[in-house]
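Since the structure comes first, as structure tokens, the remarks are kept for the end.
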Amino acid sequence: MSKVLVIGAGGVGSVAVHKMAMNADIFTDITLASRRVAKCDAIAESVKTRTGVTIKTAQVDADDIDATAALIAQVQPKLVVNLALPYQDLSIMEACLKTGVHYMDTANYEPRDEAKFEYHWQWAYQERFKQAGLMALLGSGFDPGVTSVFATYLKKHHLDTIETLDILDCNGGDHGQHFATNFNPEINIREVTAVARHWENGDWVETPPLSHKQTFDFDQVGPKNMYLMYHEEIESLKTHLPEIKRIRFWMTFGGAYLKHLEVLQNVGMTRIDPVMYEGKEIIPLQFLKAVLPEPSSLGVTTKGKTNIGDIATGKKDGVEKTFYILNVCDHEEAYAETGNQAVSYTTGVPAMIGAAMVLTGAWSGAGVFNMEQFDPDPFMDMLNTQGLPWQVKELDAPLAF
Ligand code: NDP
């Protein structure tokens with residue numbers, strides 16, 4: 001029996017439990033819990049209709065360690081999959097330690113009052129998970145997640161060393177809304193408006209947010225503007241693959257998205273510090289989230305494809321080579337399969353695969369781990385069979401920028 005408890009009933013949680021139900025040989029017993037049980041029940045109904053599998057649901061406030069531990073004690077899972085928000089990472093890790101259960105997530109812990117996107121809070125749990133003989137697998141989404149596994153795959157099969165790594169995240173989808181974010185708006189806007197940082201020759205290089213642009217022709221999407229950004233996997237990749245001299249992360253944004261974001265920023269709506277409104281403290285970005293479309297509601301109208309991958313340049317037998325490894329995912333196909341668009345799909349499928357790695361023992365160990373610390377092959381095999389097939393090609397030359 002491999003019991004799993006998934007916390008968080010957003011778009012990512014929805015995809016993950018649908019895909020778990022489709023792999024009932026691995027996930028024999030699934031419970032979905034979230035702040036509002038009605039959202040879990042709606043997902044459970046969709047899972048039943050689409051797969052015939054019955055999943056259990058529960059209510060939990062995952063900021064509350066004792067309440068989360070009590071739910072874990074009641075469900076008795078082997079693994080807790082945290083698909084709530086990054087704010088809950090540490091409380092759920094604490095609850096797992098209290099109850100002796102493995103932990104997994106898709107995004108690094110974030111304090112509410114400062115956008116950091118750093119791993120050190122979670123890496124600080126290394127000894128406690130090790131002592132407890134438990135595993136915490138961090139960042140099993142697409143990026144972070146698959147992009148780190150892609151890097152280790154290239155290193156295992158195509159290159160002896162990687163010298164430069166560029167992660168290219170393109171969403172060529174159109175949801176037909178003036179302004180909406182494809183995953184949790186609060187986290188998305190915090191990420192996009194943060195100072196851009198990349199790793200070069202042993203140091204961080206900082207540039208103002210969205211100040212560095214390149215046009216890139218993405219397979220099955222076409223040419224798009226992509227912007228240099230900070231992303232959390234840079235921190236773990238430079239730690240676990242220290243030979244890499246330069247790691248950069250690029251994400252595409254359309255003109256309309258950037259125009260709205262600029263106005264929202266200029267008028268103060270993206271602030272994450274509290275302001276007084278009618279005698280009550282509110283966080284402008286949280287209020288903004290409340291008036292924006294729910295990411296999970298975008299699936300019905302979203303058309304187009306995502307294309308996310310890594311370009312790595314390094315040496316093979318002393319000769320310089322460049323490889324591009326990527327996945328293309330279609331929004332409408334993702335929606336037809338799980339009722340969620342491709343951004344949730346490309347995160348929820350790797351979350352299911354990461355959970356499968358832990359539950360089957362394909363990846364094992366005691367302590368806190370990032371994705372690039374394990375053998376990429378079993379994970380890469382499941383990407384191909386579970387809806388996110390990838391391709392790898394050799395490029396004639398390294399990136400020209
Ligand atoms: P959503 O906001 O759609 O869903 C989050 C869910 O968590 C909601 O159901 C929410 O409840 C629930 N939740 C929030 N707070 C609590 C709490 N205190 N206790 C219990 N449940 C809570 O987000 P997404 O599904 O888009 O994203 C989920 C996670 O995936 C995020 O951490 C995000 O950063 C990460 N992510 C990772 C990516 C990657 O590639 N690695 C890419 C995209 C996302 P309610 O419905 O009541 O608000």
Query - Answer residue from region 20-63, given it is away from the ligand (no atom under 14 Å from the Cβ), assigned to a helix (DSSP H, G or I) and charged (D, E, K, R) and is surrounded by the most Cβ atoms within 10 Å (Cβ to Cβ) among those - result: R50
Query - Only listed residue being in contact with a Phe, Trp or Tyr (Cβ under 8 Å, 6 or more places away or on another chain) and over 24 Å from D330 (Cβ atoms), chosen from E206, E232, E163 - result: E232
Query - Hits in region 211-267 (condition: among the β-branched types (V, I, T) and part of a loop (DSSP other than H, G, I, E, B)) - result: V221, I244, V267
Report task. Would you mind finding the one in L97, L165 that is modelled with pLDDT of 95 or more, more than 9 Å from the ligand (Cβ to nearest atom) and not in a strand (DSSP E or B)? Result -> L97
Query - Any pair with Cβ under 7 angstrom, 6 or more apart, that starts in region 97-117 at a residue that is on the phi > 0 side of the Ramachandran plot and ends at one that is part of a helix (DSSP H, G or I) - result: G100/A132; F117/E191
Report task. Please state which one of G176, G133 is away from the ligand (no atom under 13 Å from the Cβ) and within 30 Å of H102 (Cβ to Cβ). Result -> G133
Report task. Could you check, for region 332-354, whether at least one of its residues is within 17 Å of N188 (Cα to Cα), crowded, with 20+ Cβ neighbours inside 10 Å, aliphatic (A, V, I, L, M) and in contact (Cβ under 8 Å) with a residue 24 or more places away in the chain? Result -> yes
Query - Pair list, Cβ < 6 Å and 6+ apart or interchain, from region 58-75 residues that are at negative phi to residues that are more than 8 Å from the ligand (Cβ to nearest atom) and modelled with pLDDT under 95 - result: none
Query raised in the report: Do you know which residues across region 192-212 are surrounded by 13 or more Cβ atoms within 10 Å (Cβ to Cβ), without any contact (Cβ under 8 Å) to a residue 60 or more places away in the chain and out of contact with any His (no Cβ under 7 Å at 6 or more places or on another chain)?
Result: V195, R197, H198, W199, E200, W204, T207, P209, L210, H212
Query raised in the report: Which residue out of A84, A70, A16 is in a helix (DSSP H, G or I) and either closer than 25 Å to K289 by Cα or touching a helix residue (DSSP H, G or I) at 6+ places or on another chain (Cβ under 7 Å) (or both)?
Result: A16
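The values are calculated or read from the model by the stated rules, or taken from the named source; none is laboratory data. Bear in mind that the values here come from a model prediction, so they are computed numbers and not experimental data. In this analysis, Cβ positions are derived from the backbone assuming ideal geometry, glycine residues included, and neighbour counts consider all displayed protein chains.
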